[in-house]
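Chemist: Mind looking over this structure? Questions follow.
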Amino acid sequence: MNRSSARRPWHQHFETVGSITAIVVGVAALFVSFDQSRVMREEIRASIWPALQVDGFASLENGTLAIGLSVQNAGVGPALVERVTIRHDDSPVEDLDALRALMPPGADLSRTSLTGRVVAAGASVRPFELRYPAEESDDAIDVLNRLLSRWSAEVCYCSTLGQCWVASDDPGAPTMVDSCEGQPGGDF
């Protein structure tokens, strides 16, 4: 080794400056890559976010009063329904037979299973509908208001990425939860 090259300050050694520059550029590239992947994950989550809306309904058409539950996916991705909970006076209702027993007798029942179903973006499902012969005194809005005071419904569902939410018939956005397991639900 030449004595003159050993006495040069570190910044005059091209190899050392080049190595330090490469390390700094590599660390910066790693940070940018990590940040970009985080942003991409958020974009993917937002682009497939299901948003279920849960609503009770009552309608009066052609002498028939229809009462039931409607679940619509107003989001942009599919929703896998894991659990449906119906409550009457704050007590969970186990299944459709128990629900029917709590309603006035004489109804025709139509049913579509919701638990375990994938609800596509923009799709709507009516898990159950009870149809009664209407009386002249029936007003669908009054019937719905009376029912809403004693009944409530919530649906726990997940996205294709495994993120889960609970939507209820209360106004507002769905609430994010860790999972739908271990929470009460009925056979709906």
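Chemist: For Val93, what is the net charge nearby, where nearby means another residue's Cβ is under 15 Å from its Cβ and Lys, Arg count +1, Asp, Glu -1?
Modeler: Result for the local shell: -3.
Chemist: For every other residue with a beta carbon closer than 11 angstrom to the beta carbon of Asp187, add +1 if it is Lys or Arg and -1 if Asp or Glu, then tell me the sum.
Modeler: -1
Chemist: To the nearest whole percent, what portion of all C-alpha pairs in the chain is separated by more than 24 angstrom?
Modeler: 54 percent
Chemist: Suppose a student asked you for the relative contact order of the chain, using Cα pairs under 8 Å spaced at least 6 residues apart; what percent would you report?
Modeler: Computed over the chain, the figure is 26 percent.
Chemist: Which of the trypsin sites (Lys or Arg not before Pro) across region 102-188 are loop residues per DSSP, with 11 or fewer other Cβ within 10 Å?
Modeler: Arg150
Chemist: Just to confirm a number: summing +1 for Lys and Arg and -1 for Asp and Glu over residues other than Val166 whose beta-carbon lies under 9 angstrom from that of Val166, what do you get?
Modeler: Net of charged neighbours comes to 0.
Chemist: Using DSSP to define loop residues, name the GluC sites (Glu not before Pro) in region 5-111 whose beta-carbon has at most 14 other beta-carbon atoms within 10 Å.
Modeler: Working: sites: Glu15, Glu42, Glu43, Glu61, Glu82, Glu94; in loops: Glu94.
Sites meeting the loop and neighbour criteria: Glu94.
Chemist: Kindly put Asp139, Asp89 in sequence by how many other C-beta atoms sit within 10 Å of each C-beta, fewest to most.
Modeler: Asp89, Asp139
Chemist: Take the alpha-carbon centre of region 73-127, take the same for region 7-28, and report the distance between them in whole Å.
Modeler: Cα centroid to Cα centroid, the span is 66 Å.
Chemist: I'd like the orientation of helix 14-47 relative to the chain: the angle between its Cα long axis and the longest Cα principal axis, in ° from 0 to 90, rounded to 10.
Modeler: 10 degrees
Chemist: How about region 110-188: which GluC sites (Glu not before Pro) there lie in a loop by DSSP and see at most 12 other Cβ atoms within 10 Å?
Modeler: Counting only loop positions with at most 12 other Cβ atoms within 10 Å, the GluC sites (Glu not before Pro) in region 110-188 are Glu135, Glu136, Glu181.
Chemist: Return the calculated 222 nm mean residue ellipticity for the chain, to the nearest 500 deg cm²/dmol, obtained by summing -39500 (n - 2.57) across DSSP H runs with n ≥ 4 and dividing by the residue count.
Modeler: -9000 deg cm²/dmol
Laboratory data are not the source of any read-out in this text; all were calculated from the coordinates shown. Please read all numbers here as calculations on a predicted model, not as lab measurements. For neighbour counting, all protein chains shown are included, and Cβ atoms are generated from backbone atoms with ideal geometry for every residue, glycine included.
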